[in-house]
1. For segment 40-56 and segment 71-143, compute the distance between their C-alpha centroids and round to whole Å.
2. Label points 7 Å out from Cα along the Cβ direction at I48 and C148: separation in nm?
3. Let me have the relative contact order for the chain, percent, based on Cα pairs under 8 Å that are six or more residues apart.
4. Please report, in cubic angstrom per residue, the volume enclosed by the convex hull of the alpha-carbon atoms of the chain.
5. Consider just the alpha-carbon atoms of segment 105-155 and return their Rg together with their Dmax, both in angstrom.
6. Running Debye on segment 80-176 with equal point scatterers at the Cα sites and no solvent, what base-10 log of I(q)/I(0) appears at q = 0.15, 0.21, 0.23 Å⁻¹?
Amino acid sequence: MHKRAHDETQTELRGKILTVRGMKVKSDKLGVVGVCDVVEFHEDTNGISLNGRNGKWIPRPVEFKHGRPKKGQEDEAQLCGQALCLEEMLCCDIKIGDLFYGETHRRVEVEFTEELRNIVRKALQEMNQYYKRGYTPKVKPGKKCKNCSLNSICLPEIQEKESVNLYLQKHMQGEK
Ligand code: SF4
């Protein structure tokens, strides 16, 4: 489901909703780039103009998730990060987006409150500080890792047991 959302980098107009899949986004203010699964543009007189389209449109990011809604706010924060990028790129305000959960086949509307926006700003600020220092923080593995698309890069079970240096040393010795 997630792969399909990314593969079809296409635009589709159905009624008053223009759907764009795999849209690349970035924010210079927040120092982040990414790809949105789907950005819907809802035709609305209060919206913004889009190049090559008549009318006005309100952007609304939609993120697809395998499972079901989680206890934490990570999904909401990811979606809000996309909204912040879109707001900066398109010079507009985006109040809501949606998370679509594969297990429940439901859309959950997410309001981009000031509190949620601040969580995202703070996390990205922290991330950029780590990046500048060249420091990789220790991860906290958990159930969440099972379906995480970053699992093969993050390798949470290794980080828990031994240092990355030790892991590399062992594997490089094995290759001799
Ligand atoms: S695999 Fe890494 S990035 Fe993914 S949820 Fe686990 S700790 Fe977080």
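Coordinate-derived values only; no laboratory data. Computed from a predicted structure; not experimentally measured. Using ideal geometry, Cβ is built from the backbone for each residue, glycine included, and neighbour counts are taken over all protein chains shown.
1. Computed from Cα coordinates, the inter-centre distance equals 25 Å.
2. Output for this residue pair reads 3.2 nm.
3. Details: 260 pairs, mean separation 25.0, N = 176.
Relative contact order here is 14 percent.
4. In the chain, the Cα hull volume divided by residue count equals 155 Å³.
5. Rg, Dmax (Cα atoms, Å): 14.6, 41.
6. Rounded to two decimals, the profile gives -0.89, -1.22, -1.27.
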